[in-house]
Amino acid sequence: MSDPLSAFGRAEAYDAYAQTQRHVAEALAGRIAALPLPKAPRVLEIGCGTGFLTAALRPRIGGDWTVTDLAPEMLARCRARIGDGPGLCYRLLDGERPDLAPESFDLICSSLAFQWFADLQGALERLMALLAPGGRIAFATMAEESFAEWRAAFVFAGLEPATPLYPSITQLAALSDAAIAEEHIVERHADARAFLTALRGIGAQSPRAGHRPATAAELRRVMAAFEAGGASVTYHVAYVVVDGE
Ligand SMILES: C[S@@+](CC[C@H](N)C(=O)[O-])C[C@H]1O[C@@H](n2cnc3c(N)ncnc32)[C@H](O)[C@@H]1O
């Protein structure tokens with residue numbers, strides 16, 4: 001297993017495996033486009049990846065975009081998809097600790113990146129400081145019931161699940177009085193190997209911090225239990241909007 005940043009860097013076939021991520025980015029774009037936004041908003045995107053949200057939202061709301069990611073390879077893939085032009089700037093940025101000017105954005109948006117933050121509450125407080133008056137943060141992130149089937153397979157095999165712990169909808173709603181919608185998306189895989197290949201393909205194979213990697217024999221038991229349960233996996237996605245001051 002590798003650290004998340006280098007795993008995302010190596011995810012060269014991300015788009016081929018990322019049907020759920022594409023769906024979520026498009027759903028988030030629809031929700032954001034329905035919000036009252038100023039004309040030509042100043043937009044900061046965090047964790048752009050290969051550009052699914054950028055591509056889905058930018059044509060709908062226009063504006064001046066600062067498109068960012070922590071992984072240089074991901075930022076380059078996004079730039080290759082979207083291209084250069086007026087009102088577009090690409091920047092390496094740790095979205096959890098953004099070194100940007102206060103009150104300089106009308107919208108901060110992000111699809112399926114905030115679940116990688118070590119401290120979501122602290123990150124949101126720092127991001128709120130970047131919002132101009134009346135600005136908003138809108139993001140999609142993983143919630144509590146994600147990967148329930150994979151976790152159940154670990155428990156069935158007598159092991160502690162390796163999957164990161166995601167917040168509940170109640171915990172997310174408590175963050176800065178957020179407005180939340182949720183969606184359960186079920187991915188069906190041919191078998192456990194296909195699921196693990198897809199997870200590696202999107203660079204998301206890193207286990208929970210501090211988790212001891214399963215041995216080969218343990219992993220075989222988990223994979224067998226996962227297949228006995230049907231080899232499908234749920235993404236529990238929260239769409240969150242936080243209003244600034
Ligand atoms: C699952 S991908 C989602 C990418 C894209 N938004 C999409 O919907 O396909 C997560 C992305 O978040 C980025 N990321 C992870 N931690 C980050 C951080 N602290 N700051 C900025 N980007 C981060 C990763 O490099 C990766 O590109």
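The table for this structure:
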read-out	value
Filter result for Asp69 (in contact with a strand residue (DSSP E or B) (Cβ under 9 Å, 6 or more places away or on another chain), near the ligand (Cβ under 8 Å from one of its atoms) and among the acidic types (Asp, Glu))	yes
2 or more residues touching a residue at least 40 places away in the same chain (Cβ under 8 Å) and under 23 Å from Met74 (Cβ atoms): qualifying helices (runs of 4 or more DSSP H) within the stretch 148-245	192-201
Positions within the stretch 121-147 being in a strand (DSSP E or B), more than 12 Å from the ligand (Cβ to nearest atom) and within 28 Å of His184 (Cβ to Cβ), in sequence order	Arg136, Ile137, Ala138
Boolean, Ala29 is at pLDDT 95 or above, in contact with a strand residue (DSSP E or B) (Cβ under 9 Å, 6 or more places away or on another chain), surrounded by 19 or more Cβ atoms within 10 Å (Cβ to Cβ) and of a type in the set (Gly, Ala, Ser)	yes
Per-region count, the stretch 24-50, residues under 12 Å from the mean Cα position of the chain (by Cα) and either small (Gly, Ala, Ser) or more than 7 Å from the ligand (Cβ to nearest atom) (or both)	5
Residues satisfying the stated conditions in the stretch 156-210, i.e. among the acidic types (Asp, Glu) and touching a strand residue (DSSP E or B) at 6+ places or on another chain (Cβ under 7 Å)	Glu182, Glu183, Glu187
Top-ranked residue of the stretch 185-199 - restricted to ones that are under 23 Å from Leu5 (Cβ atoms) and over 15 Å from the mean Cα position of the chain (by Cα), ranked as surrounded by the fewest Cβ atoms within 10 Å (Cβ to Cβ)	Thr197
Leu100, sole failed condition from (1) part of a loop (DSSP other than H, G, I, E, B); (2) modelled with pLDDT under 95; (3) hydrophobic (A, V, I, L, M, F, W, C)	(2)
When residues of the stretch 130-148 are limited to those that are closer than 27 Å to Ala204 by Cβ and surrounded by fewer than 19 Cβ atoms within 10 Å (Cβ to Cβ), the one farthest from the chain's Cα centre (by Cα)	Ala148
Test: residue in the stretch 82-93 that is assigned to a helix (DSSP H, G or I), among the aliphatic types (A, V, I, L, M) and within 11 Å of the ligand (Cβ to nearest atom)	no
Condition broken by Ala55, with the remaining ones in (1) within 26 Å of Arg126 (Cβ to Cβ); (2) surrounded by fewer than 22 Cβ atoms within 10 Å (Cβ to Cβ) satisfied	(1)
Some residue of the stretch 2-10 being under 22 Å from Glu182 (Cα atoms) and either of a type in the set (Lys, Arg) or within 11 Å of the ligand (Cβ to nearest atom) (or both)	no
Residue in the stretch 100-120 that is of a type outside the set (Val, Ile, Thr), surrounded by fewer than 15 Cβ atoms within 10 Å (Cβ to Cβ), away from the ligand (no atom under 11 Å from the Cβ) and farther than 26 Å from Ala34 by Cβ present	yes
Qualifying residue in the stretch 218-229 (condition: out of contact with any Ser or Thr (no Cβ under 8 Å at 6 or more places or on another chain) and among the aromatic types (Phe, Trp, Tyr))	yes
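The values are calculated or read from the model by the stated rules, or taken from the named source; none is laboratory data. Predicted, not measured: the structure shown is a model, and the values here were computed from it. As a convention, Cβ positions derive from the backbone with ideal geometry for all residues, glycine included, and neighbour counts pool all protein chains shown.
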